[in-house]
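The values are calculated or read from the model by the stated rules, or taken from the named source; none is laboratory data. Because the structure is predicted, anything quoted here is derived from the model rather than measured. A quick note on method: Cβ atoms are made from the backbone with ideal geometry, for glycine too, and the neighbour counts reach across all protein chains shown. To get the accessible areas, we keep the full protein, side chains included, count just its heavy atoms, and leave off ligands, DNA and RNA. Shrake-Rupley method; radii C 1.70, N 1.55, O 1.52, S 1.80 Å.
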Amino acid sequence: KAGVTQTPRYLIKTRGQQVTLSCSPISGHRSVSWYQQTPGQGLQFLFEYFSETQRNKGNFPGRFSGRQFSNSRSEMNVSTLELGDSALYLCASNPGSSPGMNTEAFFGQGTRLTVV
Amino acid sequence: GESVGLHLPTLSVQEGDNSIINCAYSNSASDYFIWYKQESGKGPQFIIDIRSNMDKRQGQRVTVLLNKTVKHLSLQIAATQPGDSAVYFCAERRNAGNMLTFGGGTRLMVKP
């Protein structure tokens, strides 16, 4: 069974540009979450999508957005990039659908975004 | 490799010893907890989980203990091996859905 696939692995962008990152979850998983990882702030939750709907949202500015397609693949977009957006962006795939289900999230290898 | 934390607390142990990594969580309403291992250049990898109605769970060479009274979680690794060297994160789930809140991480270094 293929794992979580994130593309691209590495990206360099200039301040002010926008970027789109992609995540393909494990086959059959309907929940996709996005996290930002930086040395200073650690792992922080961005948002979660389930069945093409945003189910949870973290405390990030509106420049960060996402979406999910009918095949469960997800994209996240960051507009008007700032130097502080440089981070490892991780996607997590989860089979759990109902709130009472306790299932672990499976992470991809991440996309390393560098803003210069 | 990827830098996951320049100033993480570090636990250094001798190969073959047992390791204990601790984590404090903040929300008494959290109902599910997970330990992840992250190696350089990789995403977090699931190690073991525990539900809030349990206080102990064992896996292969790993045990997680949950103390809800003091909101404390620990990961015990038996017979630590060089391959266990990584950063370890605890995570808690606080609400419906799959949003996880992560601790700051602990770097485990295993000396041969």
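Residues of segment B:41-63 that bury at least 40 Å² of accessible area once all protein chains are present, compared with their chain alone (1.4 Å probe, heavy atoms only, ligands and nucleic acids left out), are B:P44, B:F46. The listed residues A:L11, B:L66 rank as A:L11, B:L66 when sorted by accessible area, largest first, using a 1.4 Å probe. Taken residue by residue and averaged, Cβ atoms of other chains lying within 10 Å of the Cβ of A:30-38 number 3.
Between A:T5 and A:S22, the contour length at 0.36 nm per residue exceeds the alpha carbon distance by 5.3 nm. A simple spin-label model places pseudo-atoms 7 Å from Cα toward Cβ; at A:S79 and B:D55 they are separated by 5.2 nm. Counting protein heavy atoms only, the protein assembly as shown has 48 percent of its accessible area on carbon and sulfur, 1.4 angstrom probe.
Here the Karplus curve 6.51 cos²θ - 1.76 cosθ + 1.60, taken at θ = phi - 60°, turns the phi angles of segment B:82-95 into couplings of x, x, 7, 4, 4, 9, 10, 10, 9, 9, 10, 9, 9, 8 Hz, with x standing for Gly and Pro.
Among residues other than B:F33 with Cβ under 13 Å from its Cβ, the summed charge is +2 (Lys and Arg +1, Asp and Glu -1).
For chain B, the solvent-accessible area works out to 48 Å² per residue, with a probe of 1.4 Å and every protein chain left in place.
Considering only alpha-carbon pairs that sit under 8 angstrom and 6 or more positions apart, the relative contact order computed for chain B is 36 percent. Counting only protein heavy atoms and using a 1.4 Å probe, the accessible area of A:V115 comes to about 10 Å².
Average projection, convex hull of the Cα set of the protein assembly as shown: 12.2 square nanometres. For chain A, the solvent-accessible area of protein heavy atoms averages 45 Å² per residue (probe radius 1.4 Å; ligands and nucleic acids excluded).
Here's the list of aspartates and glutamates a cross-link from B:K71 could span, going by alpha-carbon distance under 16 Å and ignoring same-chain residues fewer than 8 apart: B:D31, B:D49, B:D55, B:E92. Burial annotation for segment A:50-70: residues with an accessible-area loss of at least 50 Å² between the isolated chain and the complete set of protein chains, computed on heavy atoms with a 1.4 Å probe, are A:N56. Here the spin labels are modelled as points 7 Å beyond Cα on the Cα-Cβ line, and at B:T69 and A:R30 they lie 4.1 nm apart. Chain A against chain B buries an accessible area of about 2100 Å², both chains summed, 1.4 Å probe radius.
What FRET efficiency comes out for A:S51 versus B:I20 if R0 is 45 angstrom and r is the Cβ-Cβ distance? Round to the nearest 0.05. Efficiency, from the Cβ-Cβ distance: 0.65.
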